[in-house]
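Asks: Before we start, here is the structure in question, set down as structure tokens.
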Amino acid sequence: GDAGGATERHNKNIRFERCLFDGVNRENRQAISVIDCDGFWASDNVFQNCTKSTMPGTIDFEPNANAFHIIRNIWIERNKFISPGGTVGVITFAFNSSTCPDPHNINIIGNVQEGSNQSLASAFVYFATGRAVSATSSEHKITIKDNLGDGLAVAGAPMVLWAAKGVISEGNTWQNYTQMAIIGYTTAGTQTSRDITIRDRFVRCGSAVDSGLDAHNVDGLDLTGSVFDDCGNGTGSSAAINFKTGTSSRVKLNGIKTVSPTGKTIRATLKDGGHTFTPATNECFSPDIGSMALDFQAIYSDTIWTSYTPIIEGSTSAGAGTYTVQFGRYRMRGKQVQFQLKLAVAAGHTGTGIIEAGLPTLASAASGNAEQPIPIMVNGAATTGGQSGWINPAVTVNSLGGIRCFHTATGTLTNTT
């Protein structure tokens with residue numbers, strides 16, 4: 001509007017189809033800037049030589065500070081972006097206002113990026129609203145599918161998703177980007193992403209940094225089936241996936257594949273000192289990572305052991321003692337729990353009754369020694385026969401139940417007290 005956009009009005013069902021946008025010398029702003037639109041199509045266009053280095057990117061969705069500006073029902077399909085420039089993203093969603101509605105129903109499908117004149121970590125897709133997403137927030141409903149991005153090892157990143165919720169990125173190939181994809185960022189809340197599913201192929205991404213994908217603050221990141229091929233820069237900290245400053249939960253690395261034909265990827269995953277996992281919510285089954293290190297924590301896994309701190313207690317009174325060895329680790333697959341532990345206590349433990357060693361998680365039976373025996377070795381027991389441990393699911397003061405220890409000193413199962 002000619003009043004500077006202060007009066008509420010809306011654009012609806014705007015289409016750009018089979019057009020050529022040529023910035024010629026990249027001294028232009030965006031090729032298309034969208035401040036307000038409900039129903040936007042950019043289909044089968046060619047964008048070349050857009051945009052100058054101080055501007056966001058080729059197609060920029062950027063509402064002004066008005067509460068009524070709408071960005072929803074967006075389709076960007078089958079376009080070709082040739083040597084795009086800019087400092088934020090080829091396709092950018094950046095909000096200056098916390099008052100306008102959240103964007104909704106965004107579809108980025110079947111596009112091609114050829115080369116890059118972007119600055120630093122400017123991404124193919126950039127999404128940041130600057131507002132927190134919670135478990136009860138509406139999903140943005142973002143689909144990124146069947147795109148081919150090639151930075152030609154000049155610059156750029158596949159995607160940057162800050163405070164996005166409800167993203168499915170699948171069937172995309174991202175290759176030859178100097179920077180890494182970023183999920184969430186260093187500030188919790190306004191930069192925490194939730195419910196992100198990525199099933200893509202990353203090839204030679206992060207060549208100027210140490211990873212193909214960085215995860216910071218994220219609740220719900222599913223990388224199942226993603227492939228990381230020669231990502232990173234070949235240094236000792238180079239990893240396909242780097243968990244950097246932040247907190248993550250509900251992360252799935254099931255069936256991920258990492259390969260390194262030229263030695264650029266040293267580790268499958270790396271955890272920085274400033275990152276906190278939530279192992280009880282994470283999964284890692286059947287990763288195809290060769291001999292690469294997997295620096296990840298997940299209770300639900302056929303690959304990873306998670307540490308826990310077992311204890312010694314008495315079945316009648318738990319008591320306490322001084323430990324000289326206290327080691328435990330476990331993992332889960334469905335209802336099956338595998339665990340190992342080793343304990344040693346100095347003389348003088350105050351527990352009474354049968355010796356019990358603490359379990360990593362509560363057993364399923366309601367009470368009693370209901371489970372099958374497990375192999376144990378109790379040093380110092382006066383035995384002439386074998387030794388056996390039985391699961392006691394009953395919760396005690398100090399543990400989630402324990403392994404009750406028995407021996408066969410006279411050929412009969414006897415309490416080890």
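Asks: Condition first: on the phi > 0 side of the Ramachandran plot, without any contact (Cβ under 8 Å) to a residue 40 or more places away in the chain and crowded, with 20+ Cβ neighbours inside 10 Å. Can you find one or more residues in region 248-256 that meet it?
Replies: No.
For (1) of a type in the set (Val, Ile, Thr); (2) at pLDDT 90 or above; (3) open to solvent by 20 Å² or more (accessible area, probe 1.4 Å); (4) farther than 15 Å from Phe339 by Cα, each residue gets a yes or a no:
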residue: Ala363; (1), (2), (3), (4): no, no, yes, no
residue: Ser367; (1), (2), (3), (4): no, no, yes, yes
residue: Glu371; (1), (2), (3), (4): no, no, yes, no
residue: Ile376; (1), (2), (3), (4): yes, no, yes, no
residue: Thr383; (1), (2), (3), (4): yes, no, yes, yes
residue: Gly386; (1), (2), (3), (4): no, no, yes, yes
residue: Val397; (1), (2), (3), (4): yes, no, yes, yes
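Asks: Another question, then. Residues being open to solvent by less than 30 Å² (accessible area, probe 1.4 Å) and either more than 15 Å from Asn254 (Cβ to Cβ) or of a type outside the set (A, V, I, L, M, F, W, C) (or both): count how many of those fall in region 280-291. Don't jump to the end; show me each part of the working.
Replies: To start, the set of residues in region 280-291 that are open to solvent by less than 30 Å² (accessible area, probe 1.4 Å) comprises 282, 284, 287, 289.
Filter again for either more than 15 Å from Asn254 (Cβ to Cβ) or of a type outside the set (A, V, I, L, M, F, W, C) (or both), leaving 282, 287.
The number of residues fulfilling the criteria is 2.
Asks: Within region 143-154, how many residues are open to solvent by 10 Å² or more (accessible area, probe 1.4 Å) and free of Cβ contacts under 8 Å to residues at least 40 places away in the same chain?
Replies: 7
Asks: Another question about this same structure. Among the numbered criteria (1) modelled with pLDDT under 95; (2) under 32 Å from the mean Cα position of the chain (by Cα), which one does Arg29 miss?
Replies: All conditions pass for Arg29, except number (2).
Asks: Which of the residues that make up region 264-279 are open to solvent by 40 Å² or more (accessible area, probe 1.4 Å), closer than 22 Å to Gln175 by Cα and not in a strand (DSSP E or B)?
Replies: Here is the first cut: in region 264-279, the ones open to solvent by 40 Å² or more (accessible area, probe 1.4 Å) are 264, 266-267, 271-274, 276, 278.
Next cut, closer than 22 Å to Gln175 by Cα only: 264, 266-267.
Hits for region 264-279 are Lys264, Ile266.
Asks: Let me ask another. Find the residue count for region 89-140, including only residues that are among the hydrophobic types (A, V, I, L, M, F, W, C), more than 23 Å from the chain's Cα centre (by Cα) and either closer than 17 Å to Asp36 by Cα or open to solvent by less than 30 Å² (accessible area, probe 1.4 Å) (or both).
Replies: 3
Asks: Which ones in region 216-266 are among the hydrophobic types (A, V, I, L, M, F, W, C) and touching a His at 6+ places or on another chain (Cβ under 8 Å)? Give the derivation first.
Replies: Going residue by residue through region 216-266, those that are among the hydrophobic types (A, V, I, L, M, F, W, C) are 218, 221, 223, 227-228, 231, 239-241, 243, 251, 253, 256, 259, 266.
Scanning region 216-266 gives a single hit, Phe243.
Asks: Looking only at region 191-241, which residues are of a type in the set (A, V, I, L, M, F, W, C), part of a strand (DSSP E or B) and surrounded by fewer than 21 Cβ atoms within 10 Å (Cβ to Cβ)? Show your work before the answer.
Replies: Start the filter on region 191-241 by keeping residues that are of a type in the set (A, V, I, L, M, F, W, C), which leaves 196, 198, 202-203, 205, 208-209, 213, 215, 218, 221, 223, 227-228, 231, 239-241.
Those still in the list that are part of a strand (DSSP E or B) too: 196, 198, 202-203, 213, 215, 218, 221, 227-228, 239-241.
Result: Val203, Val227.
Asks: Filter region 110-156 down to the residues that are modelled with pLDDT of 95 or more and small (Gly, Ala, Ser), then identify the one that is farthest from Glu77 (Cα to Cα).
Replies: Checked region 110-156; the qualifying residue farthest from Glu77 (Cα to Cα) is Ala123.
Asks: Something else: Which residue pairs have Cβ atoms under 7 Å apart, sit 6 or more places apart or on different chains, and have a first residue in region 269-285 that is free of Cβ contacts under 8 Å to residues at least 24 places away in the same chain and a second that is in a loop (DSSP other than H, G, I, E, B)?
Replies: Ala280/Ile299
The values are calculated or read from the model by the stated rules, or taken from the named source; none is laboratory data. Predicted, not measured: the structure shown is a model, and the values here were computed from it. Ideal geometry is used to build each Cβ from the backbone, glycine not excepted, and the neighbour counts take in all protein chains shown. Ligands, DNA and RNA are stripped out before the accessible areas are found, and what is left, the full protein with its side chains, is counted by its heavy atoms. Shrake-Rupley method; radii C 1.70, N 1.55, O 1.52, S 1.80 Å.
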